[in-house]
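Colleague: Attaching a single structure in structure tokens format; questions to follow.
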Amino acid sequence: MSFLPLAHALVSRQDLPVPAWLFAWGASIVLIVSFFALAAGWRTPRFEQAPTRSLGAGLSRALLGLPAQIVCGAIGVFLLGFAIYAGLEGTEAPDRNFALTFLFVTCWLGFPVFSAIFGDIFRPFNPWRAVGRAVGAGFEAIAGQRPAHLAYPERLGRWPAAVGLLAVVWLEVVYGASGGVAVGLDPHAAGVAALVYSAYTLAMMAVFGVEEWCERGEVFSVYFGMFGRLGIFGSRDGRLERRRPFAAATTWATIPGSAAVVIASIASTSYDGASEGAFKDGIEGVFEWLADTGMNLTTALRLTDTIFMALCFAGVGLVYLLGVRGMRTVPGAPSLAKLRVGFAHSLIPIALAYLVAHYFSLFVFQEQAQFGYLLSDPLGTGTTDLFGTAASGIDFRVLSANAIWYVQVGALVTGHVIGLMLAHDRALVYWPEYRRATASQYWMLAVMVAFTCFGLYLLSVSNG
Amino acid sequence: MLPLAHAGHYALWILYVLPVLIVVGAIVRSALAQRRDHESEEPGAG
């Protein structure tokens, strides 16, 4: 998230007891030990068709009933509308305008983390779903029949969401370039983008149906819902249920394009982290080469960033495909296509780990602004003080550089160990003989070690 | 020619890649050993 460059500069320098690269070696050893522990003690699938426990009917009615849906939907619509208004009418200073922090920090980073704990909490607050359902209900009341929709092309799957996910990150980290300098997205552009996206989403909902589009094409529903599959609460047939953590992820990737969504998530986070660190020299080199050809500086920078972002997507996808290809060599392996789909859900915790590792400090710092001066003076005009906190600031001392690093390492290791667990569990479905299942997972171990070391390398360069 | 100042930068990159190479090397070695065992069992299997 490039609109707040100072957030990193104001944190104290790291003073680690051992070189940062040794953490990569330590993390790799943890993964290898976890792998053999799984091989020794986990010999039947535990996540597939894991038991769920229905919560009380009263609680389900209270949280999932129509009144709750209306209230949550109205809150979502109000907040989106307010963010758009702040973006269009508020100050152009990114750090003083409610819109950017609310959209790109509070929502973009907050929903994945809390969904991974509690389940898909975005769904009830989804403003586009709320509007779409309200319009559908109005149509039904007037016309006396449900609105008709086109059948969604099965092959398209979640590809619109994958492309949309990359587009959202592209907008935030690539589009915000001016005169060859990455200045970050301005609030007005964010407001316009939110309006355009709203129009596009509502049109798609009208064509394919609200729930169909939310399940497959709506970027935020698919993205936050993906992390929600890790959480402990879900719903079925109008009943709230408690489920085994991570178990619901096993059925997430059955729709085509799902692997692309989770790969896009890891790739876009990697790119954002690497653009200021590991890729900096490369980006400067390509940018200068393009600029020397006479290309407009802003176009040259955007094109360069787009190329590197696409390379990240290709690189992450290639590492995953190599792991899957390796599994194919184990006797009794299903088809490559089945393996590719079957193990995609094991990348979800890695996507979350990357998100936490890269943005944890930004989230902690910016939420102080969100619930401090941005809440009191959302337009950043300096003339409003709704809650008496307009003069508050951000205390960058709440996190030391070492604390940030330890959280980053902890998040990456935990996410990859959970990824290994999910992959191991799926392997036991495809290879019921556990020795073969374990042999197939050597390749996923390599994938996990590669993603862990890559993530730590990006962070160490950015932090350094 | 690479400037010396960059040498440390590239060396650092290698330190992060080494664990991956070690794991991949171990997997390839294990896979080859298994294939050899499988091939040596086959002639007497019939």
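Colleague: Keeping to the range A:7-55, report how many residues are at pLDDT 85 or above and either more than 14 Å from chain B (Cβ to nearest Cβ) or assigned to a strand (DSSP E or B) (or both).
Modeller: Qualifying residue count for the region: 16.
Colleague: Please work out if A:I348 is at pLDDT 95 or above and not aromatic (F, W, Y).
Modeller: On the way: at pLDDT 95 or above: yes; not aromatic (F, W, Y): yes.
The answer is yes for A:I348.
Colleague: Within the range A:140-170, track down each residue that is surrounded by 15 or more Cβ atoms within 10 Å (Cβ to Cβ) and over 29 Å from A:G231 (Cα atoms).
Modeller: Hits for the range A:140-170 are A:P147, A:H149.
Colleague: So which pairs qualify, if the first residue must be in the range A:20-39 and within 22 Å of A:I404 (Cβ to Cβ), the second must be surrounded by 18 or more Cβ atoms within 10 Å (Cβ to Cβ) and of a type in the set (D, E, K, R), the Cβ gap must be under 7 Å, and the two must be at least 6 apart or on different chains?
Modeller: none
Colleague: Could you tell me whether the range A:252-272 includes any residue that is out of contact with any Leu (no Cβ under 9 Å at 6 or more places or on another chain) and either free of Cβ contacts under 8 Å to residues at least 40 places away in the same chain or within 14 Å of chain B (Cβ to nearest Cβ) (or both)?
Modeller: Among the residues of the range A:252-272, not one is out of contact with any Leu (no Cβ under 9 Å at 6 or more places or on another chain) and either free of Cβ contacts under 8 Å to residues at least 40 places away in the same chain or within 14 Å of chain B (Cβ to nearest Cβ) (or both), which makes the answer no.
Colleague: Could you list all residues from the range B:1-38 that are of a type in the set (S, T, Y) and modelled with pLDDT under 85?
Modeller: As a first pass, look at the range B:1-38 and keep what is of a type in the set (S, T, Y): B:10, B:16, B:30.
Of everything in the range B:1-38, just one residue is of a type in the set (S, T, Y) and modelled with pLDDT under 85, namely B:Y10.
Colleague: Residue under question is A:L103, and the condition is that it be touching a Pro at 6+ places or on another chain (Cβ under 6 Å), in contact (Cβ under 8 Å) with a residue 40 or more places away in the chain, within 30 Å of A:A357 (Cα to Cα) and not hydroxyl-bearing (S, T, Y); does it hold? Can you show your working first?
Modeller: Details: touching a Pro at 6+ places or on another chain (Cβ under 6 Å): no; in contact (Cβ under 8 Å) with a residue 40 or more places away in the chain: yes; within 30 Å of A:A357 (Cα to Cα): yes; not hydroxyl-bearing (S, T, Y): yes.
Against the criterion (touching a Pro at 6+ places or on another chain (Cβ under 6 Å), in contact (Cβ under 8 Å) with a residue 40 or more places away in the chain, within 30 Å of A:A357 (Cα to Cα) and not hydroxyl-bearing (S, T, Y)), A:L103 does not qualify.
Colleague: Which of (1) at pLDDT 95 or above; (2) farther than 28 Å from A:E367 by Cβ does A:I84 not meet, given it meets every other one?
Modeller: If we test A:I84 against (1) at pLDDT 95 or above; (2) farther than 28 Å from A:E367 by Cβ, just (2) comes out false.
Colleague: Filter the helices (runs of 4 or more DSSP H) completely within the range A:147-258 down to those with at least 2 residues that are farther than 30 Å from A:F279 by Cα.
Modeller: Here the list reads A:187-208, A:210-216, A:219-228.
Colleague: Another one. Could you identify the single residue in A:A423, A:A427, A:A446, A:A437 that is more than 14 Å from chain B (Cβ to nearest Cβ) and over 14 Å from A:P331 (Cβ atoms)? Steps first, answer last, please.
Modeller: Details: A:A427 fails: over 14 Å from A:P331 (Cβ atoms); A:A446 fails: more than 14 Å from chain B (Cβ to nearest Cβ); A:A437 fails: over 14 Å from A:P331 (Cβ atoms).
Answer to the selection: A:A423.
Colleague: Exactly one of these conditions fails for A:F104: (1) within 22 Å of the chain's Cα centre (by Cα); (2) at pLDDT 95 or above; (3) of a type outside the set (S, T, Y); (4) crowded, with 19+ Cβ neighbours inside 10 Å. Give me its number.
Modeller: Checking A:F104 against (1) within 22 Å of the chain's Cα centre (by Cα); (2) at pLDDT 95 or above; (3) of a type outside the set (S, T, Y); (4) crowded, with 19+ Cβ neighbours inside 10 Å, the one that fails is (2).
Colleague: Does the range A:367-378 include one or more residues that are surrounded by fewer than 22 Cβ atoms within 10 Å (Cβ to Cβ), outside any loop (DSSP other than H, G, I, E, B), acidic (D, E) and more than 14 Å from every other protein chain (Cβ to nearest Cβ)?
Modeller: Within the range A:367-378 (the criterion being surrounded by fewer than 22 Cβ atoms within 10 Å (Cβ to Cβ), outside any loop (DSSP other than H, G, I, E, B), acidic (D, E) and more than 14 Å from every other protein chain (Cβ to nearest Cβ)), the answer is yes, since at least one residue qualifies.
Colleague: Additional query: For the range A:239-246, does any single residue satisfy the condition of being under 23 Å from A:H424 (Cα atoms) and surrounded by 23 or more Cβ atoms within 10 Å (Cβ to Cβ)?
Modeller: Yes, there is a match, as at least one residue in the range A:239-246 is under 23 Å from A:H424 (Cα atoms) and surrounded by 23 or more Cβ atoms within 10 Å (Cβ to Cβ).
Colleague: Would you mind finding the one in A:L459, A:L355 that is crowded, with 21+ Cβ neighbours inside 10 Å and within 14 Å of chain B (Cβ to nearest Cβ)?
Modeller: On the way: A:L355 fails: within 14 Å of chain B (Cβ to nearest Cβ).
Going through A:L459, A:L355 in turn, the sole match is A:L459.
Colleague: Is it the case, given these coordinates, that A:A333 is among the hydrophobic types (A, V, I, L, M, F, W, C) and away from chain B (no Cβ under 14 Å)?
Modeller: Taking the combined requirement at face value, the residue does not satisfy it.
The values are calculated or read from the model by the stated rules, or taken from the named source; none is laboratory data. These numbers come from a predicted model, not from an experiment. Positions of Cβ are generated from backbone atoms using ideal geometry, with glycine treated the same way; all protein chains shown enter the neighbour counts.
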